[in-house]
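To keep things clear, I will list the structure first and then write my remarks on it.
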Ligand SMILES: Nc1ncnc2c1ncn2[C@@H]1O[C@H](COP(=O)(O)OP(=O)(O)OP(=O)(O)O)[C@@H](O)[C@H]1O
Ligand SMILES: [Mg+2]
């Protein structure tokens, strides 16, 4: 039996919202563990705090929200009290978050190529002449047969499913260790939903990713997740089902 290495461990996390100096708890006592290389689905009713938890992991909580207790341990380091500079580095090199409603996350008036190159430039390591072949490979990886056409397109010229695949290619372009996808399929029709889920699984294997998939849709989640964990209102997480 192989020993499973923990990549991310959320320990009794509490997040609060401050309104007129009053502290309102949003989630409390959330504990969740991700092992390297697995796909874990986080499911739960609307408003229970799935997105807030995802935002806390990458240091992107909205104004007014704060981690008020517990810890987020990534690669054995408590990241919950990181500075902005550290968070930026973490988002550039380690953890990618595909945010909810991110179909609009692409700038409609800039070509896909411009935006993908901008993303790569966050990492200083890319030489200019390496970028385009790499983007070609990535776009092929997410199922496009004519990468040149996609690169020269503006997002408004692409369908929802195509834009979601471009976004996924963008996310994996930085080679993160952990990919958090917050409702990556809810804005899509059933056919594209399945395509994106299959793609997510493929990317997970191709790039050795650990994936945290947040979704309402239990059926599709069951198709690709190694484990499904359930969050309830207020934020207790329990492991309820396993598809293994
Ligand atoms: N900007 C905000 N201002 C005040 N409260 C907020 C804000 N965003 C979220 N909340 C509250 O925080 C709690 C958790 O919200 P969150 O968006 O994390 O839920 P969720 O589980 O992702 O729901 P959904 O499945 O609908 O996406 C909710 O009770 C919500 O009302
Ligand atoms: Mg949400």
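Result for the chain in a Gaussian network model with C-alpha springs under 10 Å: among 50, 223, 125, the largest mean-square fluctuation is at 125. Compute the acute angle (0 to 90°) between the alpha-carbon long axis of helix 190-206 and the principal axis of greatest extent of the alpha-carbon atoms of the chain; round to the nearest 10°. So the helix axis and the longest Cα principal axis differ by about 90 degrees.
Here 156, 74, 65 are placed in order of increasing Cβ neighbour count within 10 Å, fewest first, which gives 156, 65, 74.
Using label points projected 7 Å from each Cα along Cα→Cβ, tell me how many nm separate residue 216 and residue 149, to one decimal. Label-label distance for residue 216 and residue 149, simple model: 3.3 nm. The relative contact order of the chain, computed from alpha carbon pairs under 8 Å that lie at least 6 residues apart in sequence, is 29 percent.
When 15, 224, 180 are sorted by how many other C-beta atoms sit within 10 angstrom of their C-beta, beginning with the fewest, the order is 224, 15, 180. Sorting the Cα pairs of region 155-213 by distance into bins of 5 Å, from 0 upward, gives 4, 19, 32, 25, 14, 5, 0 percent per bin. Estimated at 0.36 nm per residue, the fully extended path between residue 85 and residue 118 surpasses their Cα-Cα distance by 10.0 nm. Largest mean-square fluctuation among 40, 30, 190, in a Gaussian network model of the chain whose springs join Cα atoms under 10 Å apart, belongs to 190. To the nearest ten degrees, helix 112-121 and the longest principal axis of the Cα atoms of the chain are 60 degrees apart. In this calculation the C-beta distance from residue 36 to residue 156 is compared with R0 = 41 Å, giving a FRET efficiency of 0.60. Cut-off 10 angstrom, C-alpha nodes, Gaussian network model of the chain. Which of 47, 161, 59 fluctuates the most? Checking each option, the largest mean-square fluctuation is seen for 47.
Counting every pair of alpha carbons in region 6-242, the share spaced more than 30 Å apart comes to 25 percent. Region 51-83 and region 113-147 have Cα centres spaced 30 Å apart. The convex hull of the Cα atoms of region 13-73, projected and averaged over all directions, covers 4.6 nm².
The stretch between residue 78 and residue 202, if pulled fully straight at 0.36 nm per residue, gains 41.6 nm over its current Cα-Cα span.
Every read-out reported here was derived from the displayed coordinates using simple, explicitly stated rules and does not represent laboratory data. All of these numbers come straight from a predicted model, not from anything done at the bench. A quick note on method: Cβ atoms are made from the backbone with ideal geometry, for glycine too, and the neighbour counts reach across all protein chains shown.
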